[in-house]
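Accompanying notes for the structure given below.
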Amino acid sequence: MKAFLLSVHVLAAIVLIGPITAAASVFPRYARVAAGARSYPAADPAADPAAAAALPVAAAMHRISRGYAVPAVAVPVFGIGTATAMGVLGDAWLIASMVLTAAAALLLVGRINPVQRRVLDGLRSGTTPGAVLSDVRRLGMVTGVFALLWAIVVVLMIVRPGSTTGV
């Protein structure tokens with residue numbers, strides 16, 4: 001049973017958390033390019049093809065960030081199941097991982113997805129590029145913190161202070 005729970009936990013992390021992190025990290029780049037256009041959507045897409053192509057990519061990154069968020073709940077659910085089966089639920093490294101996971105989830109749901117939506121709405125409505133770029137700059141920082149939280153969780157899962165793996 002432990003092997004099954006751990007397998008589902010790791011697979012869900014790779015298939016769900018990986019794409020969310022990548023999409024959230026890539027979104028600011030394409031939003032920045034789209035905001036760089038004088039007016040979007042451009043009356044003549046040939047006038048600024050990079051900006052014309054950037055908005056659909058940013059929108060796709062937002063759909064991934066938003067759409068994978070709910071199924072990604074499987075990662076901590078199976079992680080807790082695995083920890084319970086292994087008898088390590090009270091270990092400090094696991095508690096730290098759970099706190100960092102909760103912080104990452106709060107960033108995604110409370111900051112990343114809403115700001116991505118606001119940026120997309122601003123780009124589509126013709127909001128001044130300066131206002132959009134201000135949100136995009138802050139979003140870049142937040143997504144960096146989001147990715148860092150996941151990197152720390154992965155290291156904690158591999159190193160597991162006090163583990164008996166000998167690694």
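The values are calculated or read from the model by the stated rules, or taken from the named source; none is laboratory data. Quick caveat, the model's predicted, so the values are computed rather than measured. Note: ideal-geometry Cβ built from the backbone for every residue, glycine included; neighbour counts use all protein chains shown.
Among the residues of the range 50-76, which ones are closer than 25 Å to M1 by Cβ and loosely packed, with under 14 Cβ neighbours inside 10 Å?
P71, V73
Assess whether V153 counts as being crowded, with 16+ Cβ neighbours inside 10 Å and modelled with pLDDT of 95 or more.
yes
Of everything in the range 138-163, what is without any contact (Cβ under 8 Å) to a residue 12 or more places away in the chain and within 18 Å of P28 (Cα to Cα)? Give them in sequence order.
Correct list: M141, L148.
Which of the helices (runs of 4 or more DSSP H) contained wholly in the range 65-125 include at least 1 residues that are touching a residue at least 60 places away in the same chain (Cβ under 8 Å) and closer than 18 Å to L11 by Cα?
Fully inside the range 65-125 and qualifying: 74-86, 92-107.
Considering the range 2-26 alone, what residues qualify as being loosely packed, with under 15 Cβ neighbours inside 10 Å and in contact with a helix residue (DSSP H, G or I) (Cβ under 6 Å, 6 or more places away or on another chain)?
K2
Yes or no: the range 114-136 includes at least one residue that is within 30 Å of A3 (Cα to Cα) and surrounded by fewer than 16 Cβ atoms within 10 Å (Cβ to Cβ).
The answer is no, given that none of the residues of the range 114-136 is within 30 Å of A3 (Cα to Cα) and surrounded by fewer than 16 Cβ atoms within 10 Å (Cβ to Cβ).
Would you point out the residue of the range 32-60, among those that are modelled with pLDDT of 95 or more and in contact with a helix residue (DSSP H, G or I) (Cβ under 7 Å, 6 or more places away or on another chain), that is farthest from I112 (Cα to Cα)?
Checking each candidate, the answer is V57.
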